[in-house]
1. Output wanted: per-residue J couplings in Hz (rounded whole) for segment 32-49, from phi through Karplus 6.51 cos²θ - 1.76 cosθ + 1.60, θ = phi - 60°, x for Gly and Pro.
2. Per DSSP H run of at least 4 residues, take -39500 (n - 2.57); add these up for the chain, divide by its residues and hand me the 222 nm value, nearest 500 deg cm²/dmol.
3. Any of 64/111; 75/111; 169/239 with alpha carbons more than 20 Å apart? Name them for me.
4. Subtracting the Cα-Cα distance from 0.36 nm times the residue separation, let me have the gained length for residue 62 to residue 116 in nm, one decimal.
5. If you place +1 on the Cβ of every Lys and Arg and -1 on the Cβ of every Asp and Glu, how big does the dipole about the Cα centre of the chain come out, in debye to the nearest 20?
6. Give a residue-ordered list of calculated ³J(HN,Hα) values for segment 196-205 (Karplus: 6.51 cos²θ - 1.76 cosθ + 1.60, θ = phi - 60°; whole Hz; x for Gly, Pro).
7. For 55, 239, 64, write out the residues from largest to smallest accessible area, computed with a 1.4 angstrom probe and no ligands counted.
8. Mind jotting down the distance between the C-alpha centroids of segment 174-252 and segment 152-168, whole Å?
Amino acid sequence: MVKKYTNPVRTDGFGAQLQNIIWTYIFCRMNNYEYYYQPFSNVEHNYDNDINFVKNIEGFLNFKEQFNLSNNNIKGLSSLDTRTCYDYIERNILSHNYEKYLNEFKEYFYKNKELNYFNNYYTNVAVHIRRLNKHDISTVGTNEDVDIAIRTNTADDYYLNVINNIKDKYYYKDLIFHIYSQGDLENFKIYENPDTILHINENMLDTFKGMVFSDILVTSPSSFSYTAALLNNGEIYYKPFWHPPMNNWIIC
């Protein structure tokens, strides 16, 4: 009998949950198991208390219309343990089959989406700068506190150095840089430039779209960044953290 798995119900951020969905799918495909999609139920960072927050996520992903849906009446269906899935994927992330099934998943993701998101003729470079947000502040004094402090304190000089390297590498192209982050706009004045657009405190899905559909993506140490990089078909400048990079990513 073929094993049947679904991604587990989670309540953390959008990026972490979507990464879990992607890797559960790939785990199933690599082992000839059946995958069943478990829709989002609760997602962190709904700062505006939008009652349509989860509905909008599902509408954007369009997975309900494309995958078999998980429910309690499916015989033999079980939730795939996150650690089991991640350990397996991270051991096999450089394999041909991983890349094959990631590309297969991308076909589901890209279906019915406008690929020319920026609607311009520039080479669009998205730079994700992970900074403290409202959820992070609520973790002060918990086990998450130290890790978050480390991942949100990457110096501006790091990102500016990567930006300048991209400018030098692609001096012959018309580049435009999109800075995606959260916080006080005053803290991002160092990035102001005629070739740069600041996207600070914008809608989460708009931010994710900009990162995924960019020609070049500069990541921060975050699951949101990492998942956007998995789905992006362009050039990735990867800042290492928990999860390993793919073969063609540029390690910063």
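The values are calculated or read from the model by the stated rules, or taken from the named source; none is laboratory data. What you see is a predicted model; the values in this text were computed from it and never measured. Backbone-built Cβ (ideal geometry, glycine too); neighbour counts: all protein chains shown. To get the accessible areas, we keep the full protein, side chains included, count just its heavy atoms, and leave off ligands, DNA and RNA. Shrake-Rupley method; radii C 1.70, N 1.55, O 1.52, S 1.80 Å.
1. Coupling constants for segment 32-49: 6, 9, 8, 9, 10, 7, 9, x, 5, 10, 8, 9, 5, 6, 8, 5, 9, 6 Hz.
2. Values: 9 runs with 96 residues, N = 252.
Mean residue ellipticity, 222 nm, calculated: -11500 deg cm²/dmol.
3. Working: 64/111 12 Å; 75/111 30 Å; 169/239 18 Å.
Table pairs above 20 Å Cα-Cα are 75/111.
4. Numbers: separation 54, 0.36 × 54 = 19.44 nm, distance 1.81 nm.
Once the chain is fully extended between residue 62 and residue 116, it gains 17.6 nm.
5. Details: 23 positive and 30 negative charges, 186 e Å.
Here the size comes out at about 900 debye.
6. Result, rounded to whole Hz: 10, 10, 8, 10, 10, 6, 7, 3, 4, 5.
7. Values: 55 145, 239 50, 64 95 Å².
Accessible-area ranking of 55, 239, 64, largest first: 55, 64, 239.
8. 11
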